[in-house]
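Comments concern the structure below.
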Amino acid sequence: MTIYNASDLRKGLKIQIDGQPYIITDFSFTKPGKGQALYRCRIKNMLTNSTVDKTYRSVDTFESANLIERKMQFLYNQEDEYCFMDSNNYEQVSLTGEQVGDAKNFLIDNLEVSILFFDVTPLGITLPNFVDLKVTKADPWVKGDSAAGDSKPVTLETGYKLRVPPFIEEGTKITVDTRTGEYLTRVK
């Protein structure tokens, strides 16, 4: 376990405070004319998603959060529960819709994702940057339809809606950037 000093704090660092994992979402440093340097942080509890503003002195120390990232495969979702399986030991883990967040727009059967754990508690999910998805609904594009510009709306197999070039038709597989939710290319 790594021990951090207040001077090691930075945005994105994951630390443990009172047995809870936190991530630093904002950070600033001030050095008054007299006295010790102050480190102001906005930290987010990774279990409860609550955010707190804290100020630390240069003598304060922190433990690194006991976080583990595991590769898992998406199996299915049932109402607001998403089930994943570890391919190595076949252990299954369920996450809530809140924990999955917008990633649900890109989850298809057997997709390999990374799940972040604090001890044995799953915290969240990281998708691959690009996912191939099938277009299930695409209205025909009318030539000269200048109101829509050079794109049209489609619905993917996950229910996600986005705009694509007019040549994309129903049944076509496309690659989507999971970070932005935008169309990249047609799968050959």
Boolean, Ile125 is of a type outside the set (Ser, Thr, Tyr) and either in contact with a Phe, Trp or Tyr (Cβ under 7 Å, 6 or more places away or on another chain) or more than 24 Å from Tyr76 (Cα to Cα) (or both): no
Close pairs from the stretch 1-18: first within 12 Å of Thr61 (Cα to Cα), partner surrounded by 13 or more Cβ atoms within 10 Å (Cβ to Cβ) and charged (D, E, K, R), Cβ under 7 Å, at least 6 apart: Ile3/Glu63; Ala6/Asp60; Ile15/Glu63; Gln16/Glu63
Selected residue (criterion: nearest to Gly159 (Cα to Cα)) from residues of the stretch 47-56 that are open to solvent by 30 Å² or more (accessible area, probe 1.4 Å) and modelled with pLDDT of 90 or more: Ser50
Residue ranges of strands (runs of 3 or more DSSP E) in the stretch 1-43 with at least 3 members under 15 Å from Thr55 (Cβ atoms) and of a type in the set (Ser, Thr, Tyr): 20-30
The stretch 1-45, subset surrounded by 10 or more Cβ atoms within 10 Å (Cβ to Cβ) and hydroxyl-bearing (Ser, Thr, Tyr), residue nearest to Asp119 (Cα to Cα): Tyr22
In the stretch 61-107, residue nearest to Glu157 (Cα to Cα) [restricted to those that are charged (D, E, K, R) and surrounded by 15 or more Cβ atoms within 10 Å (Cβ to Cβ)]: Lys104
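Just checking: which of the strands (runs of 3 or more DSSP E) contained wholly in the stretch 74-154 hold 3 or more residues that are without any contact (Cβ under 8 Å) to a residue 24 or more places away in the chain and not hydroxyl-bearing (Ser, Thr, Tyr)?
81-85
The values are calculated or read from the model by the stated rules, or taken from the named source; none is laboratory data. Being a predicted model, the structure only gives us computed values, none of them experimental. In this analysis, Cβ positions are derived from the backbone assuming ideal geometry, glycine residues included, and neighbour counts consider all displayed protein chains. These area figures cover heavy atoms from the full protein model, side chains too; ligands, DNA and RNA do not enter into them. Shrake-Rupley method; radii C 1.70, N 1.55, O 1.52, S 1.80 Å.
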